[in-house]
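Following: one structure in structure tokens, then a few remarks.
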Amino acid sequence: MKCCEIGSHDHCVSLITALGKRACADRCLIPILRALARGGVVTVASCCGHGRRAPEIILANGWTLVVVKPANLSEEADDDLSH
């Protein structure tokens, strides 16, 4: 995933959560967040990791999803998943 700098809001997207609250999400996580929402999974927070750690998505039930890129995924395929 392409990451943005820590503290930067240049790559953030404003959205309305399933709980009806406004939130900011890192643009590179939007496809995953949308897929989770379509599946009825409620998220409460997320961070792309900004190239320093693995991206995380916090669920309403208290679980944390850690997004790990498979070692054999090409950069081109990674770019396709980010759109």
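Here, each number is a calculation from the coordinates, and none is a lab measurement. Predicted model only: the values in this text are computed from it and were never measured. Backbone-built Cβ (ideal geometry, glycine too); neighbour counts: all protein chains shown.
Sorting 39-45, 58-64, 29-35 by their mean Cβ neighbour count within 10 Å, with the most densely packed peptide first, gives 29-35, 39-45, 58-64.
For region 12-81, what Kirkwood radius comes out of the mean inverse Cα-Cα distance, in Å? About 12.8 Å, per the Kirkwood formula over Cα pairs. Annotation: the residues 46, 14, sorted from fewest to most other C-beta atoms within 10 Å of their own C-beta, follow the order 14, 46.
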